[in-house]
Amino acid sequence: MAHFLPLSRVARLVGESRTVIQRMIHDGKLSTFDGMVDMNELLRVFPDVQWEDNGEFKRVEEIKAKAFARRVYEHALPDKEVLAERLFEMGREFAAAKTLLLHYDEVLRFLDDKLDDVTEAGAGVANPAVQQAVVDLKQWLRQELEARPKDTERAQSLLAQENVMRIMSAQVTVLPAGHEFSVEGNDTLLEAALRAGIPLNYGCSNGNCGECKARLVSGQVKKVHPHDFVLKDAEKADGAFLLCSYTAVNDVVVEAGVSGADDIPLQDISTRVKAVEMLNDRIAALHLTAPRSQRLHFLAGQRVTLTADGVSGEYYVASCPCEERHIELHIRRDNRPFSRHALADLAKEDVVRVDGPHGRFVMKLDSRRPVIFVAWEDGFAPIKSLVQHAMSLEIAESMSLYWVAGAVADSVGHYQENLCRAWADALDDFTYQALDTAAGTTAAIAESILAQHPDLYRADIYAAGPHAFLQALQAGALARGLSPLGWHGETIE
Ligand code: FES
């Protein structure tokens, strides 16, 4: 009996990213059927994976070891009713499989008896070839039934691992975009999607506005938070539900809107300073925390207006939208009023108002191509957010990051270089290169980046920096075959 697994679950089972699995499929190294992978194919392609050592088992062991300490319980396990439903669903599948096996057993016994009848009556059968064929068939049948199937132990481990995964999490496919993510712990579908970097439409995130309305195409969802927004009976009959109130019981397919830069409503959020972290003597990271009930809805690459004590300034968000309540901004030491105020006066727990988001320098979510990120000086802030967003989405075929900054006094320098190097160390398809602003003219620096990418015709470039540099980079890239649709530039002087 074939057992098929969705790609996201395959990636987690073998400990690879979805990008790697997709590339194997593209290269013909792993076969799929309707976008799913057969368990036997998985065992063939990954003969060395130790399924028992997989993170999911370890997580279960951790939970057991901590004796269901409240915090672990809340974060790692699904809502208890969802857990019960998943176990019930699995029990039903197990019962169906067992019933089928019992039926097959009966059929085989019947066949065995019939073959006995034929061989016993065989003395009278005129054709000895027919009689021999029946004897051979019976012998073959017995041998096959006694033999243990190949790879039994590995197949059992894989199935056990997959069952644990199905109890701990559910897979979600979003139509029509085709995004996939998994729902873990007692997350709602909205929380899980945002954590995975998928910007589904939403407004209040607490059941009041109806902006997160979606339609269930298949699978089962369960309400885990009450909502005041009223769905019409006809909508409910058509499968409508609110992503911020429901979680997935089993693997589900939903129809839901994904936000573009123009779809996100302007927000005005009162945040608290978590820390002002000096990254070097010329730039600081301002860490803000949004209220529990009002996280900032934005896309990677966008900017916001900050106001504290009547002083305002506009800055790019450097954190990923997947980071829940944390908002990071890079504040350069300069003469702008907010910069001076932030670096001199802001302290932990101070209130900072955040208005926004603004801007269209955002990630193309449907691109499965190599992505080149280029930051000039503190243009690194939006690029950092985009890189983290691309990592959480796992859609880019490969990522190359170039950061141009100088060592002179008016430069911010490569102020988070360790982080960039850590990304390059941790990810197979991620490269990082630091470039010096003094290495040549802007055109020469642009050229030195582009010379490393001979196949620009199927790439996306996201670049943030001064106009002259972007102009040189864009012209050079288009001349080397970049599609105009693959260019995404943000001027930051
Ligand atoms: S986001 Fe407002 S109801 Fe779900």
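The values are calculated or read from the model by the stated rules, or taken from the named source; none is laboratory data. None of these values were measured; they are calculated from a predicted model. Cβ coordinates were reconstructed from backbone atoms using ideal geometry, including for glycine residues, and neighbour counts include every protein chain displayed. When the accessible area is computed, the model is the full protein with side chains, heavy atoms only, and any ligands, DNA or RNA have been set aside. Shrake-Rupley method; radii C 1.70, N 1.55, O 1.52, S 1.80 Å.
What do you reckon, is H467 at pLDDT 95 or above, in contact with a strand residue (DSSP E or B) (Cβ under 9 Å, 6 or more places away or on another chain) and surrounded by fewer than 15 Cβ atoms within 10 Å (Cβ to Cβ)? Taking the combined requirement at face value, the residue satisfies it.
With respect to the conditions (1) on the phi > 0 side of the Ramachandran plot; (2) crowded, with 17+ Cβ neighbours inside 10 Å, G481 lacks only one, and its number is (2). In contact with a Ser or Thr (Cβ under 8 Å, 6 or more places away or on another chain) and in the same structural domain as G476 (by TED's automatic domain parsing): does that describe T441? For T441, the condition - in contact with a Ser or Thr (Cβ under 8 Å, 6 or more places away or on another chain) and in the same structural domain as G476 (by TED's automatic domain parsing) - is not met.
So in the range 153-165, with the set limited to residues that are surrounded by 19 or more Cβ atoms within 10 Å (Cβ to Cβ) and not aliphatic (A, V, I, L, M), which one is nearest to the chain's Cα centre (by Cα)? Only one residue tops the list, namely E162. Looking only at residues in the range 241-260 that are of a type in the set (A, V, I, L, M, F, W, C) and either surrounded by fewer than 21 Cβ atoms within 10 Å (Cβ to Cβ) or within 15 Å of the ligand (Cβ to nearest atom) (or both), the one that is farthest from the chain's Cα centre (by Cα) is F241.
In the range 218-240, which residue that is under 24 Å from M90 (Cα atoms) and within 15 Å of the ligand (Cβ to nearest atom) is surrounded by the most Cβ atoms within 10 Å (Cβ to Cβ)? Among those that are under 24 Å from M90 (Cα atoms) and within 15 Å of the ligand (Cβ to nearest atom), it is V221. In the range 266-287, the residues that are under 12 Å from V351 (Cβ atoms) form Cβ pairs under 6 Å with partners that are of a type in the set (D, E), at six or more places apart or across chains, as follows: R272/E349; V273/D350. Pairs meeting the criteria (first residue in the range 218-239 and under 14 Å from L189 (Cβ atoms) and assigned to a strand (DSSP E or B), second residue within 11 Å of the ligand (Cβ to nearest atom) and not small (G, A, S), beta carbons under 6 Å, at least 6 apart or on different chains) are V221/F241; V221/Y246; K223/Y246. Within the range 177-196, residues that are open to solvent by 20 Å² or more (accessible area, probe 1.4 Å) and within 16 Å of the ligand (Cβ to nearest atom) have Cβ atoms under 6 Å from residues that are of a type outside the set (F, W, Y) and assigned to a loop (DSSP other than H, G, I, E, B) in these pairs: R195/C322, counting only partners at least 6 apart in sequence or on another chain. Taken over the range 457-484, residues that are in contact (Cβ under 8 Å) with a residue 40 or more places away in the chain and within 29 Å of the chain's Cα centre (by Cα) amount to 8. Restricting P337, P382, P357, P370 to residues that are open to solvent by less than 40 Å² (accessible area, probe 1.4 Å) and more than 26 Å from I445 (Cα to Cα) narrows the list to P357.
I'd like the residue in the range 201-217 that is more than 6 Å from the ligand (Cβ to nearest atom) and part of a loop (DSSP other than H, G, I, E, B) and, out of all such residues, is most open to solvent (accessible area, probe 1.4 Å). Write out each step before concluding.
Kept after step one, since they are more than 6 Å from the ligand (Cβ to nearest atom), are these residues of the range 201-217: 201, 206, 213-217.
The next check asks that each one be part of a loop (DSSP other than H, G, I, E, B); those that pass are 201, 206.
Values: N201: 47, N206: 73 Å².
Of everything passing the filter in the range 201-217, N206 is most open to solvent (accessible area, probe 1.4 Å).
Does V45 satisfy the condition of being open to solvent by less than 60 Å² (accessible area, probe 1.4 Å) and at pLDDT 85 or above?
Judged against the criteria, V45 is a match.
The strands (runs of 3 or more DSSP E) falling completely within the range 263-363 that include 1 or more residues that are out of contact with any Cys (no Cβ under 8 Å at 6 or more places or on another chain) and hydroxyl-bearing (S, T, Y) map to 267-280, 283-289, 303-308, 311-316.
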